[in-house]
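Below is one structure; the comments refer to it alone.
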Amino acid sequence: MSTQRGFFTVDQVRAAEAELFTRVPDGVPMRRAAHGLATVVAGELRERTGGVAGRSVTLLVGSGDNGGDALWAGAQLRRRGVAVTAVLLDPRRAHAEGLAALRKAGGRVADDVGHADLVIDGIVGISGRGPLRPRAAEIVAALEAPIVAADLPSGVGPDTGAIEGPAVRADVTVAFGAYKPVHALAAAQCGRIELVPIGLRLPEAGLVALEPASIGAAWPVPGPADDKYTQGVTGVCAGSATYPGAAVLCAGAAVAATSGMVRYAGSAAAEVLDHFPEVIATEEVAATGRVQSWVFGPGAGTGPDSSERLREILATDLPVVIDADGLTLLSAQPELVRERAAPTVLTPHAGEFARLTGREVGPDRVAAVRDLAEAWQVTVLLKGRSTLVAAPGRPVLVNEAGGSWAATAGAGDVLSGIIGTLLAAGRDPGWSAAAAARVHALAANLAAHDGAPEGAPISAGVLAAHVRPAIGVLRGLAHPF
């Protein structure tokens, strides 16, 4: 079972392509890509219209190799009875051999899209940068047919997923040879992603996603000799008189994610016990008892008492997750974690990241999270639909949530509690953060679709109630019933 999926940068793909060209005849990689593209398009036509022959497809053809891929795919579709029209956005630089093949197969060239059952986006490929040019943007904006993108949606940054202006939003994206960062970082623009192998020999990826089944297989569950202590005891210091709900959400998520024990320290002890009587609750960190990890920050406040509690927790040799108010406190005293030897996990959203670093995340989120992790020698989880986890000297882990249902107040408190339980169980900090993000996203999706097939808004409490079912789903992937 593969444990992760790699996403490869433009430079890595170009180097792999150059090596491939030394092993196969000229034109073979493009023919392979085009065949895969045509196969996916035919499948989409069959699914959407009930057939292939007699249907119509329009190609949006740019000047690069992606335009050639689209033209060659169009020629194959034409031979299967599809009416194929090519709109050449730069006629003087269209791929000559691909255009000749399309015309030979009976395809035609036109100035406008006309009627189409489906459109192939072959405007730009991985060498393209920036938004769509005006004519392409105008054509794309007027499209009503579903779009299949060749390799990536045009106008979206291949290495960053950044969208700086008009761009294609595809229903399906056919990735040639390798997944690229755009497929994880801008998944909403890509739609369903299909990988077409073309024979590339790829290096180690700098951006990877943990496969869901591998997370389920490695999730800590009690063994024959385990008791409540050996599975890990999670300490939670969260909430306050002003925000007691944060403590309930964070501690409750820890309870849902572990079979061990959760200890709570803070002023919301009564509220936590009202919801979760299995938690061992006190008001002071010093009175908590033995724990194997700490979660600090959600709803904790930023006053002197909270600052002192953060110092007390960070002075231990235990793994610590810092979120929310804890990050605000940390932005004024970063030396508290920069000088730690024990693992520290920071979980900022974009605004908290800016407070920690003094700069915005910017379009290159992977570089931003990697830089903070290296500079502070900590593990950083940068929240978003595509959550990124960076640890010094490691590939960046990405979790594409598949939706934005978790974009609700208090959802981050739930995530922190899940991470804390994995750290208490002795799991690696980077893996803990990425695995928790996967469970968190799945819990949000399960909650949103529980009795609502099209999905409905959820609250953090509803999300937290689906943490345990989400873990069960992932474990079921690893151990089918």
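The values are calculated or read from the model by the stated rules, or taken from the named source; none is laboratory data. As the structure is a computational prediction, the values presented were derived from the model and not from experiment. Quick reminder, even Gly has a Cβ in these numbers, built from the backbone with ideal geometry, and neighbours come from all protein chains shown. These accessible areas exclude ligands, DNA and RNA; they are computed on the full protein's heavy atoms, side chains included. Shrake-Rupley method; radii C 1.70, N 1.55, O 1.52, S 1.80 Å.
With a 1.4 Å probe and every protein chain left in place, tell me how much accessible area Trp431 has, in Å² to the nearest 10. Rounded to the nearest 10, that gives 50 Å².
Report the semi-axes of the equivalent ellipsoid for the range 74-194 in whole Å, largest first, where each axis is √(5λ) for an eigenvalue λ of the Cα gyration tensor. Result for the range 74-194: semi-axes of 24, 15, 14 Å.
Taking every protein chain into account, the 1.4 Å probe leaves Phe21 with about 120 Å² of accessible area, to the nearest ten. If only the Cβ of Lys and Arg carry +1 and only the Cβ of Asp and Glu carry -1, the dipole of the range 75-195 around its Cα centre is close to 440 debye. For the range 200-258, the per residue solvent-accessible surface stands at 39 Å², with DNA, RNA and ligands left out and a 1.4 Å probe.
At a probe radius of 1.4 angstrom, the accessible area of the range 104-158 per residue rounds to 45 square angstrom. Treating r as the C-beta distance of Ala96 and Gln4 and R0 as 51 Å, the FRET efficiency rounds to 0.80. Across the range 449-466, rounded Karplus estimates of 3J(HN,Hα) from the backbone phi angles (6.51 cos²θ - 1.76 cosθ + 1.60, θ = phi - 60°) give 9, 6, x, 9, x, 8, x, 9, x, 10, 10, 5, x, 5, 4, 4, 5, 9 Hz, Gly and Pro being marked x. Given R₀ = 60 Å, what would the calculated FRET efficiency be for Arg23 paired with Glu339, taking r from the Cβ atoms and rounding to 0.05? Here the calculated transfer efficiency is 0.75. Just name one of Thr302, Thr242, Gly260: the one whose Cα is farthest towards the positive end of the charge dipole of the range 150-306 (beta-carbon charges, Lys/Arg +1, Asp/Glu -1). The Cα lying farthest towards the positive end belongs to Gly260.
For the range 1-64 versus the range 194-245, the spacing of their alpha-carbon centroids is 32 Å. Name the shape class, rounded, prolate or oblate, that the alpha-carbon gyration tensor gives for the range 205-337, where a ≥ b ≥ c are the square roots of its eigenvalues, rounded holds for a/c under 1.5, and otherwise prolate holds if a/b is larger than b/c and oblate otherwise. Because a/c hits 1.5 or more and a/b fails to exceed b/c, the range 205-337 counts as oblate. Between the alpha-carbon centres of the range 421-481 and the range 352-370 there is a gap of 26 Å.
Cβ-Cβ distance of Glu283 and Arg192, R₀ of 41 Å, FRET efficiency by 1/(1 + (r/R0)^6): the value works out to about 0.20.
Is the C-alpha gyration tensor of the range 325-394 telling us rounded, prolate or oblate? Criteria: a/c under 1.5 is rounded; beyond that, a/b larger than b/c is prolate, otherwise oblate. It comes out oblate by the Cα gyration axes.
Given a 1.4 Å probe and heavy atoms of the protein chains only, how would you sort Lys104, Lys228, Lys383, Lys180, largest accessible area at the top?
Numbers: Lys104 185, Lys228 105, Lys383 50, Lys180 5 Å².
Largest accessible area first, the residues go Lys104, Lys228, Lys383, Lys180.
Work out the length of the dipole vector of the chain about its Cα centre, built from +1 on the beta-carbon of each Lys and Arg and -1 on the beta-carbon of each Asp and Glu, and round it to the nearest 20 debye.
Dipole about the Cα centre, nearest 20: 1660 debye.
Converting the Cα gyration tensor eigenvalues of the range 176-254 into ellipsoid dimensions via √(5λ) gives semi-axes, longest first, of 39, 22, 10 Å.
For the residues Trp219, Trp405, Trp72, a 1.4 Å probe over the protein chains yields an accessible-area ranking, largest first, of Trp405, Trp72, Trp219.
For the chain, the mean residue ellipticity at 222 nm estimated from helices alone is -12500 deg cm²/dmol, where every DSSP H run of n ≥ 4 contributes -39500 (n - 2.57) and the total is divided by all residues, rounded to the nearest 500.
Each Lys and Arg contributes +1 and each Asp and Glu -1, all at the Cβ; summed about the Cα centre of the range 7-93, the dipole is approximately 440 debye.
Heavy-atom surface analysis with a 1.4 Å probe gives the chain a carbon and sulfur content of 52 percent of its accessible area. Length gained on full extension, Asp227 to Ala456: 78.5 nm, using 0.36 nm per residue less the C-alpha separation. Between the amide H of Ala94 and any residue lying 5 or more places away or on another chain, no distance stays under 5 Å, with hydrogens modeled in the peptide plane. In the range 1-109, taking the dipole from charged Cβ atoms about the Cα centre, the farthest positive-side position among Val10, Ala94, Val41 is held by Val41. Using the 1.4 Å probe convention, the accessible area of the range 304-408 works out to 41 Å² per residue with neighbouring protein chains retained. If you wrap the range 43-109 in the convex hull of its Cα atoms and look at it from every side, the mean projected area works out to 3.9 nm².
When the charge dipole of the chain is built from unit charges on Cβ atoms (+1 for Lys and Arg, -1 for Asp and Glu) and taken about the Cα centre, the candidate among Asn399, Pro134, Val291 whose Cα reaches farthest toward its positive end is Pro134. Each pair of Cα atoms in the range 6-49 enters the Kirkwood radius, and Stokes-Einstein at 20 °C and 1.002 mPa s then converts it into a translational diffusion coefficient of 174 µm²/s.
Full extension of the chain between Arg311 and Ala375 gives 21.0 nm of extra length, using 0.36 nm per residue less the Cα-Cα distance. Would you compute the Debye intensity of the range 103-170 from its alpha-carbon atoms alone, equal scatterers and no solvent, and pass along log10 I(q)/I(0) at q = 0.23, 0.27 Å⁻¹ to two decimals? Taking Cα atoms of the range 103-170 as identical point scatterers yields -1.02, -1.26. The phi torsions of the range 212-221, fed into the Karplus equation with coefficients 6.51, -1.76 and 1.60 and a -60° offset, translate into couplings of x, 5, 5, 5, x, 5, 9, 5, x, 9 Hz, rounded to whole numbers, with Gly and Pro shown as x.
Computing Rg and the Kirkwood Rh from the Cα coordinates of the chain gives a ratio, Rg/Rh, of 1.05. Let me know the shape class of the range 299-360, please: from the alpha-carbon gyration tensor, a ≥ b ≥ c as square roots of the eigenvalues, rounded when a/c is under 1.5, otherwise prolate if a/b is greater than b/c, or oblate. Oblate, because a/c is 1.5 or more while a/b does not exceed b/c.
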